[in-house]
Amino acid sequence: MDLSKLEMPKLEMPKFEMPKFEMPKFEMPKFELPSFELPSFELPKIIQGGMGVGVSNWRLAQAVSRLGQLGVVSGTALDTLFVRRLVDGDSGGHMKRAIDAFPFQEMARRVWNEYFVPGGKPADAAYPALTMHQAKQQRKVAELLMVSNFAEVFLAKEGHKNPVGINFLEKVQMPHLASIYGAMLAGVGYVLMGAGIPLHIPGVLDALAAQHAAVYKLAVVGATEDVYMNFDPADYAEGKLPELVRPKFLAIVSSNTLATTMLRRASGKVDGLVYESPIAGGHNAPPRGKLQVNEAGEPLYGERDRISVEDLRALGVPFWLAGGYGSPGKVREAIEAGATGVQVGTVFALTEESGLRDDLKTELLSQVRERRGHIFTDRLASPTGFPFKVAVLEGTGSQLPIYEQRKRVCDLGYLREPYEGGDGKVGYRCAAEPVANYLAKGGKQEDTVGRKCLCNSLLANVGHAQIRKDGRVEAALVTAGDDINTASEFMADGKMTYSVADVVGQLLSRVRESQTATEPELYGAPGMNPVFI
Ligand SMILES: Cc1cc2nc3c(=O)[nH]c(=O)nc-3n(C[C@H](O)[C@H](O)[C@H](O)COP(=O)(O)O)c2cc1C
């Protein structure tokens, strides 16, 4: 072969193109899951609203779900509540039962061994301090979240086959991923979330149901770049991961716009909506437009804050009405207006089964019996900046002298707001923490005025108040809806208490028989006038 004639093939060098690394936009992969569609008549007529911290505990939710309605446990601060129950000696052995059922036993043991105090701590001893939540959770923190959320749902589901829900506040973001996963391990049927715009939660539910890693964007004040939280079930698995069902997601909204936004823009399926009006217990949405207040300083709501039930109905998803719907007539009215049912909080908070401290319940019920229960809409108290309903009760933080005796301290931190500091790092601050600390973190003086430590107060409401070094005990601060006095309807003559069965039985008493079975015309009945509430 004449090698001189040999032409070297032209080797085209592949151009070296740097692969484009696009920073992941916040797009969770879509997971196709068999979603279970329940016919409307199988959806609950009554949702017992989530009430944190620990007011809607597993006992209350179980009692409601057993009766075929939807019991909802509160997921807020469950890790702290769970630890305090263990430190108090786990009376009745309920937490232990849940620990024994947890699918990752080594993890469950770690939690138990760390916190359980046989016989309970001495009455005057403080509860242990826990690591506060952060964008990047320590493993120990995530494990406690998983176990505690599992336990609450597991116990609420015990002894019956009906679904149980869990409620979270979008504002309290940092515990979400591990908490939701823990609740799903226990087979939670519904996740309900409001107090913010929980657009990314449906996608998180899809990912976790498929046992995939979930990503969740954290709202960071002044962030120059997006901050994400991550949670991968595989990091925690002890053996094969169990099969999970994707819970239904109900968004709690306060306006038609928000309802539409949730349905259009959420990262996964929104299975229904709960519309909560400003008379509901707990946090309320602030009024729209320029703030106007009454003589007592409470925010005033006007026409712009009213919702059109007709527009809600037109969205074509099941919806429930909340805020003052705790009476038989109101339940019927809601259903006749096209709602699937109602979500009720206040009258359940006062039942024998709720987690509210007995002395607080007794005092409130004695007020209610005489129809002198008084609720103040405090637009300053909550560090979230949302108006917060406060029951005016002697001996609680609703009274200024009591609240002012409290030295500001932030040791639970659920309402801490992540912010980006000058160094580009994420810091955390709460408007109810010591003022100097808050200012040093770039917070504004005016935002600290009137702020109350809801974390400590709400734990006091359910009998787990922290005890300070000087012996002071954190005071309670009870929330309830404006319509609290309707609870008197549930107290039989001569009785000072009532039960979940009394409430559920009465609430359904005026719903026509036909409305508790299949009745398609309930949806969008023709010729129905718009109802404003
Ligand atoms: C004691 C109490 C605590 C509450 N906590 C929460 C909560 O943690 N998350 C939430 O979404 N709603 C919360 N709510 C609102 C209830 O879930 C429900 O929507 C509301 O109470 C309905 O209005 P009503 O109080 O007039 O029945 C709370 C209500 C009460 C009374």
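None of the figures in this text is laboratory data; all of them are computed from the coordinates on show. Please read these numbers as outputs of a predicted model, since none were measured by experiment. Every residue, glycine as well, gets a Cβ built from its backbone with ideal geometry; the counts of neighbours run over all protein chains shown.
A cut-off of 5 Å between modelled amide H atoms, ignoring neighbours fewer than 5 places along the same chain, links Met51 with Ser56, Ser74.
Placing +1 on the Cβ of every Lys and Arg and -1 on the Cβ of every Asp and Glu, with nothing else charged, gives segment 140-298 a dipole about its Cα centre of roughly 420 debye. Using a cut-off of 9 Å between beta-carbons, work out the net charge of the residues near Ala285 (Lys and Arg +1, Asp and Glu -1, Ala285 not included). Result for the neighbourhood of Ala285: -1. Let a ≥ b ≥ c be the square roots of the eigenvalues of the Cα gyration tensor of segment 120-274; is it rounded (a/c under 1.5), or, if not, prolate (a/b larger than b/c) or oblate? Because its axes are fairly even, with a/c under 1.5, segment 120-274 counts as rounded. Cβ-to-Cβ counts within 10 Å put Cys430, Cys410 in ascending order as Cys410, Cys430, the fewest first. A Cβ-based charge dipole, computed about the Cα centre of the chain with Lys and Arg at +1 and Asp and Glu at -1, lands at about 600 debye.
The charge dipole of segment 396-464, taken about its Cα centre with unit charges on the Cβ of Lys, Arg, Asp and Glu (plus for the first two, minus for the last two), comes to roughly 120 debye. Contact order, relative form, for the chain: 16 percent (alpha carbon pairs under 8 Å, 6 or more residues apart, mean separation divided by residue count).
Couplings for segment 371-387, taken from phi via the Karplus curve 6.51 cos²θ - 1.76 cosθ + 1.60 with θ = phi - 60°, read 6, 10, x, 10, 10, 10, 8, 8, 7, 10, 3, 7, x, 6, x, 7, x Hz in order; Gly and Pro are left as x. Straightening the chain between Asn230 and Lys136 buys 33.1 nm, computed as 0.36 nm per residue apart minus the Cα-Cα spacing.
In the chain, taking the dipole from charged Cβ atoms about the Cα centre, the farthest positive-side position among Ala213, Asn456, Ala480 is held by Asn456. Between segment 275-325 and segment 155-213, the C-alpha centres lie 25 angstrom from each other.
Ordering Val153, Asn167, Gly89 by Cα displacement along the dipole of the chain toward the positive end leaves Gly89 in first place; charges were set at the Cβ atoms of Lys, Arg (+1) and Asp, Glu (-1). Set the bar at 21 Å for Cα to Cα. Now go through Lys217/Lys444; Lys136/Lys425; Lys45/Lys361; Lys45/Lys330; Lys96/Lys140 and name every pair that lies beyond it. Where the Cα-Cα span goes over 21 Å, the pairs concerned are Lys217/Lys444; Lys45/Lys361. How would segment 338-395 be classified by its alpha-carbon gyration tensor: rounded, prolate or oblate, with rounded meaning a/c under 1.5 and the a/b versus b/c comparison settling the rest? Taking the square roots of the gyration eigenvalues as a ≥ b ≥ c, segment 338-395 is oblate.
Taking Cβ atoms as reference points and 15 Å as the exclusive limit, the residues near Leu350 contribute a net charge of -2, counting Lys and Arg as +1 and Asp and Glu as -1.
Pairs of Cα atoms nearer than 8 Å and 6+ residues apart set the relative contact order; for segment 401-506 it is 17 percent. Classification of segment 285-344 by its C-alpha gyration tensor yields an oblate form. The axis ratio a/c (a ≥ b ≥ c) is 1.5 or more, and b/c is at least a/b. The peptide list 210-221, 54-65, 486-497, put in order of mean Cβ contacts within 10 Å with the highest first, becomes 54-65, 210-221, 486-497. Taking the Cα centre of the chain as the origin and placing charges on Cβ (Lys, Arg +1; Asp, Glu -1), which of Gly49, Val141, Val342 is farthest toward the positive end of the dipole? My answer, from the dipole projection, is Val141.
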